[in-house]
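A short worksheet on the structure shown next.
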Amino acid sequence: MTGPSGPSGPSGPSGPGIPGQPTFPSRGGTGAGPGPGPGGVDPGALDPGETLALTTRGTAGPSPSRRASLGSGDAPSSDSATGQAGSPGSVGSAGSVGVTSGGWEPGNRRPPWHPAELFSPARLRLLGVMVLVGLLAAVVTGRTGNSDKPLQAAWDSIVDPRIVLFLVLAVALWLVVVLGGELRALVTRLATPVRAPFATAYGRRGGPIGLNLVLLAVAIIAPLLFSTAAQQSMVNDIGIYALLALGLNVVVGYAGLLDLGYIAFFAIGAYATAYFSSQTAMPWHAPFTLNPFFVFPIALILAGLAGVILGAPTLRLRGDYLAIVTLGFGEIIQIVANNADSITNGARGAFGVPHLSIHLPGIDYTWGIEPLPYYYLLLAIIVLVMIAFGRLERSRIGRSWAAIREDEIAAEATGVATLRLKLLAFAIGASVSGFAGVLFASKQFFNPQSFSLQASFFVVAVVIFGGLGSRLGVVVGAVVLQGLAFYLRDKVQPADRYIYFGAVIVVMMIFRPQGLVPSRRRRREIELSEAGIGGADALGPAPTGARP
Amino acid sequence: MGFFDQFWQLTIDGLMVGSLYAVIALGYTLVYGVLQLINFAHSEVFMLGSFGGLFAARALLPDHGVPGGFESVCLVAVGLGVGAACGALAAFTLERVAYRPLRRRAAPRLAYLISAIGASLFAVNLAGKEFGRQNVDLPDLFHNGTVFTIFGAQVSTQSLVIFGVAIAMLIGLDRLVAGTRLGQGIRAVAQDADTAVLMGVNVERIIIVTFIVGGLLAGAGGFLYAMTFNASYNMGFVPGVKAFTAAVLGGIGNVRGAMLGGLLLGLVESYGGYLFQASYKDVIAFLVLVAILMIRPSGLLGERLGRAA
Amino acid sequence: MSRGGSHRARRAGDAVAHPSDPRGTGAAQTVPGARRPSVLDGVGGDPGDLVVEARDLSLRFGGVTSLDGVSLRQRRGEILAVIGPNGAGKTSLFNCLTGAYRPQQGSVIFWPQPGRPAELVGRRPHSITRLGVARTFQNIRLFPALSALENVQIGTEVRQKYGPLSVVLGLPHARRAEREGVHRAVELLDLVGLRHRTHELASSLPYGEQRRLEIARALGTEPRLLLLDEPAAGTNPAEKRDLAALITRIADTGVSVLLIEHDMGLVMSLATSVAVLNFGRMIAYGPPAEVQRDPAVIEAYLGASADAATSAAGPVPTSSASAGPTSAGPTSAGPTSAGPLLDDAAFDGDAQGGPGPGSGPVGRKELG
């Protein structure tokens, strides 16, 4: 368990002091940490003049108090190292204070590759952390163990020759982080007016149309290049998860709530399909049989209703209670699906759900066992859903969601029915999940294992990785993470893949909370709220110890 | 075999399990009190502590049959100690990796919850990979016979040990929070972190200590749990949700509330599991959670340690 | 005193006639006799020209009493200022009026239109806003990552009805409503002088402009009553003048303004009436000039000790209650006749003259 301390590395040295030395209350302790952060992430609230001031030493924060805390908290010798290597912010796009100061006072400083500079305590500590990350990576990718020899597998992975590779990578990464700061500083200085005040040019609709068309073309053509059936069915899974992520994005990205039992609604959709469209798939079935296409609206409504029933009592309470209630709900749906043999066919799952088919005069088509037609159907649905949610986002409703995220009390005082809007987001998310469940079920077979909590977490990972509130982002997230899952499929046991997804979530939260393809508004909200202005979710104020 | 014939037996069982819930619930409640945050990864702290204690006890277990007497006492003590240490280490690491970088950045609340979920997913599956994905049994560490009978209900050595250790830990923690300087610091931060800073309380340190204390309890509780049932990589989830329910039942942020909530939940579940179907036991806890949230979200004893939202 | 009592009884009877506020009547009926005499006893006026009436509000947090039997009435079109030392309960009063807090006792009746009372206590804030009570906050609470336009749009779109389906399908009525909302938001930005900031982020505006943006957002909800919580806090003299002009203009459009303000110059130049709170009780009420001379007010402001102030609070209300109506009579043509109109006329002249040259507030204060 020493392993996971890895990612803490970059955060560790951002503390003001020398390792092991206890940090003084939160003034110094947190002061130095976020110092460089706001310098990079907080341009929104500042005039251009002030932004310039940020690059000078010791005036790292936008507020006087932060400035003061930085000044008092810094240990002069490790200052530069702290700034460059330390804060998580500096690894992202943020410019960093210490770096620039190094550049501004060349006479006082040794070059960064000088041993005394390179091996300052903070950097050594960072190196240690990197090595730990390397060891952890070796264990994660190493042999599978068993409980008879609990630590054997971990030990084997560490003494394996492969460890050399990991250690080399760790040191290389360390060098990149340590020296990369200097390089970035150089680049920053060459391209001086880095940040224009980003307030203008706002209100543009969606992304550029050209780019969207290119992406759509890629989405249409790419699957044709895949030859094996496995690859094609992976493309299918990407579609399902993209759809799920788009729905969860409404809950997490737009409304700022956390739904951890999202797959439960997916299960509701799937079981509804089996119930309504087949007499044989489950012991429990409707007295009539519907074409799965007609189950779409039913599943939409059922899942949405379940969302309302679950959300209505819970959303009144503290935001994070919703997370745990949905978590419990997700688990319960799976328990019931697994155990109710006489209704859902238990753990064996539902068999022989009919394929989707259209029987109209002139058109007679059935989506058979082939994955590609399914994919194109999914693609069409995804595009429609993206367009629909784009409209929603730019409408009164989307704005109200943004208002709730940014300041719930003010939103309520401005007449926004916060509870109803949160419930709406929750229900829309649930509906999309139920809708996806129909598509999933109509591929003939499913069992309760597809509805595990881990699957819920995977969808959360997709949304986080892709970018909260970004429609394109979550689709890209689905492509990348499902691609990763596919890539790992032959390399590790299926269940072990969740180690990587878990790591992806934590790493993203630490280094790039706005995701791979961030939504502009969400990114701004996160940046502003981290600078103490407004909020970025509907869960209440940030926890204790958070304010710099 | 009506319900009332079984009543006392069910009560004994319920109290035993409930005391375990209480021990885990304290971790949630302490962290909530101090950080106003549900620590979603607490169940993994419990799981890792459980494995630590289990492996330590198993490594020391002599070859000849079931040990007895002093040997048993030592084994249980070592298991508890190592379990607690592993739990504390896990909690500390968790705080370092998943929470502290976010606190440094003053990240929005959603980020903490998600980060904890990620850490939990990582830890569960890494444990699954290293220790296998099936149940791991802990051999008997002592002769588990009936010590005495009360109202026709048999009280086994095991229930007695578990209940005794759990209650001792609960009392110890209550003393810690109520009567020591450290506890004073914890309560100060829980009430008003900003003022606590001004009064010279080291909030950073209090937060870490809170995680460690919660980890110690969860780790030791994990070992007790493994002694009764068994250990497995995903053992944390269900007791975790139940312990959280217990914490909310008693009033989250309230130390004595968590204890009361744990014992009550254990009883409710024990009776309910008998009256309904055992496989739906977990559903009962969830229904209890939803019911409290709807009827009395501040819990039975109110949210005392922490601020009400 | 007997006259005041009969007034109250009549009002209670009026309220009974409206079945929509049973709570209000209950509270009103318990008031007579049970409470000490209120400073409002002498202030007459038909319910018809009232916009809001708070009756006997009490708000406690644990052992701390924040409001202690506060009653307040505001006539339509009036600018009423609530003043008082820090911690006197001004913002608590606002929070009770807007539904942020729920008082343990008392009721708040609001007339969106004459003859249509609605009880506010027990409603959620958003529903109160939709009825026509909007507010700003002492510490500005904008939506920082939304543009100025979008901030105001949140307000202007509050009563729009179209749902998600109309949005997704792009139905004409939804589009029309959206255009309308933008149009009105731009007009309001114009009104507060922020047209040139339309597409800038709220958080990037200077402080004074943020204050005005917050007012624009509140106005977007089409309030009949606007509550401003220290709108001049932290603004410079020039901004203060603009603000005074803005508030006057708002009141001219028929919106009643309830104002918390520490800047006496501004209060004296703007307000048609002033209510003074201290230790959660109302210690004086009347036209600015009167209130300024009131010994209890002077005592409260000059920092009399807590004991002295509470003991003083006993006799004072009666004195100011008797002083209030008599003085209100001659200066503003008496409460029972067309008081509000004359009040407005009398003070509009001053207020319009005031903001211009900058000597307005100060000069006014000296006059008072």
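Run the quick spin-label model on A:LEU179 and A:ILE309: label points 7 Å from Cα toward the beta carbon, then report their separation in nm to one decimal.
Reported label-point gap for A:LEU179 and A:ILE309 is 6.3 nm.
Count neighbours as other Cβ atoms within 10 Å of each site's Cβ, and list the chymotrypsin sites (Phe, Trp or Tyr not before Pro) in the range A:291-353 that are DSSP loop with at most 13 such neighbours.
Working: sites: A:PHE293, A:PHE294, A:TYR321, A:PHE329, A:PHE351; in loops: A:PHE351.
Loop-located and lightly packed - none at all.
Counting other C-beta atoms within 10 Å, and keeping those with at most 16, which DSSP coil trypsin sites (Lys or Arg not before Pro) do you find in the range C:224-285? It would help to have the intermediate numbers written out before the result.
On the way: sites: C:ARG224, C:LYS240, C:ARG241, C:ARG249, C:ARG281; in loops: C:ARG224.
When the trypsin sites (Lys or Arg not before Pro) of the range C:224-285 are filtered for loop state and at most 16 Cβ neighbours within 10 Å, nothing remains.
Using 29 Å as the Cα-Cα cut-off, could you pick out the over-long pairs in C:LYS90/C:LYS161; A:LYS422/A:LYS443; A:LYS443/A:LYS491?
Working: C:LYS90/C:LYS161 34 Å; A:LYS422/A:LYS443 33 Å; A:LYS443/A:LYS491 26 Å.
Where the Cα-Cα span goes over 29 Å, the pairs concerned are C:LYS90/C:LYS161; A:LYS422/A:LYS443.
Can you give the translational diffusion coefficient of the range A:342-404 in µm²/s, computed by Stokes-Einstein from the Kirkwood radius over Cα pairs at 20 °C and 1.002 mPa s? Intermediate results must be reported in sequence, preceding the final value.
Working: Rh = 15.5 Å.
Answer, rounded: 138 µm²/s.
Give the peptides A:529-535, B:89-95, B:286-292, A:300-306 in descending order of average Cβ contacts within 10 Å, highest first.
Numbers: A:529-535: 23.4, B:89-95: 25.4, B:286-292: 18.7, A:300-306: 21.0.
Packing order, densest peptide first, comes out as B:89-95, A:529-535, A:300-306, B:286-292.
So what's the net charge close to A:ALA154: Lys and Arg +1, Asp and Glu -1, counting the other residues with Cβ under 12 Å from its Cβ? Walk me through the intermediate numbers first.
Numbers: positive: A:ARG143, A:LYS149, B:LYS129; negative: A:ASP156, A:ASP160, B:GLU130.
Local charge sum for A:ALA154: 0.
Step by step: find N for the range A:421-517, compute 2.2 N^0.38 Å, then divide the Cα radius of gyration by it. What's the final number? If you can, show how the numbers build up before the last one.
Numbers: Rg = 14.4 Å, N = 97, 2.2 N^0.38 = 12.5 Å.
So the range A:421-517 has a normalised radius of gyration of 1.15.
Using only Cα atoms and rounding to the nearest 10 degrees, what angle (0 to 90) does helix B:3-35 make with the longest principal axis of chain B?
20 degrees
Quick check of the Kirkwood formula: for the range C:142-222, what is the inverse mean of 1/r over all pairs of different Cα atoms, in Å?
Numbers: mean 1/r = 0.0788 Å⁻¹.
About 12.7 Å, per the Kirkwood formula over Cα pairs.
Total accessible area buried between chains A and B, 1.4 Å probe, in Å² to the nearest 100? Numbers along the way, then the final one.
Details: alone 26440 and 14220 Å², together 33880 Å².
By this definition, chains A and B bury close to 6800 Å².
Give me the angle, in degrees from 0 to 90, between the Cα long axis of helix B:203-228 and the longest principal axis of the Cα atoms of chain B, rounded to the nearest 10.
For B:203-228 against chain B, the angle is about 10 degrees.
Would you mind estimating how fast chain B diffuses translationally, via Stokes-Einstein at 37 °C and 0.692 mPa s with the Kirkwood radius over Cα pairs, in µm²/s?
Working: Rh = 19.6 Å.
The estimated diffusion coefficient comes to 167 µm²/s.
Across peptide C:162-173, how many C-beta atoms of other chains are within 10 Å of each residue C-beta, on average?
Details: counts 3, 4, 12, 2, 2, 10, 11, 2, 4, 0, 0, 0.
Across C:162-173, the average partner-chain Cβ count within 10 Å equals 4.
Lys and Arg at +1, Asp and Glu at -1: add these up for the other residues within a Cβ distance under 13 Å of A:VAL325 and post the number. Let's see the in-between values first.
On the way: positive: A:ARG316, A:ARG318; negative: A:ASP259, A:ASP320, A:GLU331.
Net charge in that neighbourhood comes out at -1.
Debye sum, Cα scatterers, the range B:1-59, no solvent: what log₁₀ I/I(0) at q = 0.21, 0.27 1/Å?
-0.86, -1.03
What whole-number value in Å² describes the accessible area per residue of the range B:50-205 for a 1.4 Å probe? Present the calculation step by step, with values, prior to reporting the outcome.
On the way: 6140 Å² over 156 residues.
Heavy-atom SASA per residue in the range B:50-205 reads 39 Å².
Measure off 7 Å from each Cα along the Cα-to-Cβ vector at A:TYR487 and C:HIS196, then give the distance between these two points in nanometres to one decimal.
Between A:TYR487 and C:HIS196, the simple spin-label model gives 5.2 nm.
Evaluate peptide A:507-513: per residue, the Cβ atoms of other protein chains within 10 Å of its Cβ; return the mean as an integer. Kindly include the intermediate steps, with their values, before the conclusion.
Details: counts 4, 4, 16, 11, 1, 0, 8.
Per residue, the average neighbour count from other chains is 6.
Please compute the net charge surrounding A:ALA270, taking Lys and Arg as +1 and Asp and Glu as -1 over other residues with Cβ under 15 Å from its Cβ.
+1
Along Cα→Cβ, 7 Å out, is where each label goes; now give me the distance between the ones at A:ALA222 and A:ILE343 in nm to one decimal.
So the label points at A:ALA222 and A:ILE343 sit 3.9 nm apart.
Residue by residue through A:141-153, how many Cβ atoms from other chains fall within 10 Å of the Cβ on average?
Values: counts 1, 2, 2, 6, 6, 7, 16, 4, 3, 11, 3, 1, 4.
Other-chain Cβ atoms within 10 Å of each residue's Cβ, averaged: 5.
Between A:ALA380 and A:PHE351, what is the FRET efficiency for a Förster distance of 30 Å, r being their Cβ-Cβ separation, to the nearest 0.05?
Numbers: r = 28 Å, r/R0 = 0.92.
E(calc), rounded to 0.05, equals 0.60.
If you line up the Cα atoms of the range A:209-530 on their principal axes, what length do they span on each, largest first, in Å?
Sorted largest first, the three principal extents are 53, 45, 44 Å.
Take every Cα-Cα distance within the range A:327-432, group them into 10 Å bins from 0 onward, and report for each bin the whole-number percent of pairs it holds.
With 10 Å bins starting at 0, P(r) equals 11, 23, 25, 25, 14, 2.
I need the calculated FRET efficiency for the pair B:GLU71 and B:PHE3, taking r as the beta carbon distance and R₀ as 45 Å, to the nearest 0.05.
Values: r = 40 Å, r/R0 = 0.89.
For R0 = 45 Å, the calculated efficiency reads 0.65.
The values are calculated or read from the model by the stated rules, or taken from the named source; none is laboratory data. Only a predicted model underlies this, so the values are computations on that prediction, with no experimental measurement involved. Cβ coordinates were reconstructed from backbone atoms using ideal geometry, including for glycine residues, and neighbour counts include every protein chain displayed. In case anyone asks, the SASA skips ligands and DNA or RNA and just uses the protein heavy atoms, side chains included. Shrake-Rupley method; radii C 1.70, N 1.55, O 1.52, S 1.80 Å.
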